[in-house]
1. Could you check, for the stretch 22-35, whether at least one of its residues is assigned to a strand (DSSP E or B) and not assigned by TED's automatic domain parsing to the domain that holds residue 137?
2. Taking residue 40 as meeting all but one of (1) farther than 15 Å from residue 10 by Cα; (2) modelled with pLDDT of 95 or more; (3) buried (at least 17 other Cβ atoms within 10 Å of the Cβ), write down the number of the exception.
3. Within 22 Å of residue 5 (Cα to Cα), touching a residue at least 40 places away in the same chain (Cβ under 8 Å) and crowded, with 18+ Cβ neighbours inside 10 Å: is that true of residue 89 in this structure?
4. Looking at this structure, is residue 105 surrounded by 18 or more Cβ atoms within 10 Å (Cβ to Cβ) and at pLDDT below 95?
5. Which of the numbered conditions does residue 62 fail, given that it passes all the others? Conditions: (1) surrounded by 12 or more Cβ atoms within 10 Å (Cβ to Cβ); (2) in contact with a helix residue (DSSP H, G or I) (Cβ under 9 Å, 6 or more places away or on another chain).
């Protein structure tokens, strides 16, 4: 992020239920390997899976930051002067925007465990992306931060 002051920040890591489900799957596979090949290979399998899950959980955190001049979502960023209408979406509206009403040219930063979000219109004539669709548990505060006056 630049030297601009941060107006909004949200991180969306994996929820506990997703961790538990994936750990159950990992343990099931490790148990199958243990039964077939023994303790050493079962332990190695479980360790490799745990390290993989930890790596994936860190790489897939959705980080959203709004500064005075930029919107940053994960590795993507755009100057706020190119942002148009910003709308907080309910669960049903988000489902529609992710599915039947989606535009393949739109930028989507989605996490399936987050049911609400924000749709940000892009008003840059040189950018073919019509909008950004962003999963957010704090949709209203994100809209408020994006609606504040920007520095040109």
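1. No.
2. Only one criterion is unmet by residue 40, namely (3).
3. No, not satisfied.
4. no
5. Only one criterion in (1) surrounded by 12 or more Cβ atoms within 10 Å (Cβ to Cβ); (2) in contact with a helix residue (DSSP H, G or I) (Cβ under 9 Å, 6 or more places away or on another chain) is unmet by residue 62, namely (2).
The values are calculated or read from the model by the stated rules, or taken from the named source; none is laboratory data. No experiment lies behind these values; they were computed from the predicted model shown. We place every Cβ from the backbone using ideal geometry, glycine too, and count neighbours over all the protein chains shown.
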